[in-house]
Amino acid sequence: MATDGRAVRRKTLKRLTIKDIASRAGVSVSTVSRVLNNKGNVDNVLREKVMDVVKSTGFRPSNAAVSFRKGMDSIGVIANMDDEASVRVLKGVLQVFSQRGVWFRFVSCNDPGELSFDKVLITGDMPAPMQIQAQKKVYAGTWCADGVSVCPNYYRSAFMVGEHLYSKGARNFILITGEIKKYKHARFYAGFLKAMYVKKIDEYSVFHGEVSAKFGFETTKKLPLIPDAIICSDDVLALGVIKALESEGINALHKTIIAGCGNSLILSTNYSFVTVETFAENIGTKAAEILLNDLYESDSPETILMPTKVIDHLE
């Protein structure tokens, strides 16, 4: 025991994964999986190599391997591949899975049906009706009441954008958002209202509808007056606003400050704007770690809010 006041650090043994077994046996991870799960055709020589390493290391298959042997999927990932933010979240998820040698079943959210997993990670909104059974559900970048949700702090994001545009001289505002019944847009709306209250802004209007460039475009075209600032809860809405103002001429475009949310590649425009970086890959990383960590088991649904940052392309 240390007597000089220094903390004692205990060395812990790293738990072996099938990736480690594959490396020691000189075979692929898929070969190890097939051997452990007794699935597919594996050459007898390769099978013996794998089993020799398993025996010599005392490797014990994880819950994932056990459930595969039972004929069920242990870990599932369901993603909305039509949504850029969801794809960015998925990238963070896959980085963690790759590092840990995790096997999983991937399902597109456009494929309706009944699914059953031990654990499931869901990214993006689910446009297709799906029935998902799982002992543990983690939602990455979106929110749902029946699991752990890892989301950007949309409330704080909208508040920061409102304050930032106020500092730029904006005194009348328009908010264009998705349907308020959805978590992201409801929280963004609430944060916007808080900013208006704190800055004592009375001149503002709110429009909500589908999250599309078309809705942003049509809403902007109907405005009787161009405000100092137009804030959107998603970059795709902001893109529609920019196109609408472009159609009105250069003076209209430079009369207002446009803000979105997502720091999306979709805003590839010559016009300067403000947006919110949600750090989608970090959200995916956090969600994957929670999913795989058996010590992190919430008795009740939980929402983890991840930090965001206002990005000013005007400066």
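For residues that are of a type in the set (G, A, S) and buried (at least 18 other Cβ atoms within 10 Å of the Cβ), tally how many sit in the stretch 178-235.
8
If I filter the stretch 191-204 for residues that are farther than 28 Å from S149 by Cα, of a type in the set (F, W, Y) and outside any helix (DSSP H, G or I), do I get at least one hit?
yes
Please determine whether any residue of the stretch 298-314 is within 19 Å of V241 (Cα to Cα), aliphatic (A, V, I, L, M), modelled with pLDDT of 95 or more and in contact with a Cys (Cβ under 9 Å, 6 or more places away or on another chain).
Looking for residues that are within 19 Å of V241 (Cα to Cα), aliphatic (A, V, I, L, M), modelled with pLDDT of 95 or more and in contact with a Cys (Cβ under 9 Å, 6 or more places away or on another chain), one finds none in the stretch 298-314, hence no.
Please give the strands (runs of 3 or more DSSP E) falling wholly within the stretch 84-157 in which 2 or more residues are within 30 Å of M196 (Cβ to Cβ).
The qualifying strands (runs of 3 or more DSSP E) are 148-152.
Out of all the residues in the stretch 168-189, which are of a type in the set (A, V, I, L, M) and outside any helix (DSSP H, G or I)?
A170, I174, L175, I176, I180
If you check N270, N263, which single one turns out to be within 30 Å of K137 (Cα to Cα), outside the structural domain of T123 (by TED's automatic domain parsing) and not β-branched (V, I, T)?
N263
Is it the case that Y155 is of a type in the set (S, T, Y), under 14 Å from the mean Cα position of the chain (by Cα) and closer than 18 Å to Y183 by Cα?
No; evaluated as a whole, the condition is false for this residue.
Residues to consider are R171, R187; find the one that is closer than 25 Å to C109 by Cα and out of contact with any Gly (no Cβ under 8 Å at 6 or more places or on another chain).
R187
Do we find that V102 is at pLDDT below 90, within 20 Å of the chain's Cα centre (by Cα) and over 19 Å from I290 (Cα atoms) in this structure?
So V102 fails the test.
Filter the stretch 265-280 down to residues that are more than 13 Å from the chain's Cα centre (by Cα), buried (at least 21 other Cβ atoms within 10 Å of the Cβ) and closer than 18 Å to V87 by Cα, then give me how many there are.
Result for the stretch 265-280: 1.
Has the stretch 159-175 got at least one residue that is under 28 Å from V77 (Cβ atoms) and in contact with a strand residue (DSSP E or B) (Cβ under 9 Å, 6 or more places away or on another chain)?
no
The values are calculated or read from the model by the stated rules, or taken from the named source; none is laboratory data. These figures come from a predicted structure and were not determined experimentally. So basically every Cβ, Gly included, is an ideal-geometry build from the backbone, and we count neighbours across all protein chains shown.
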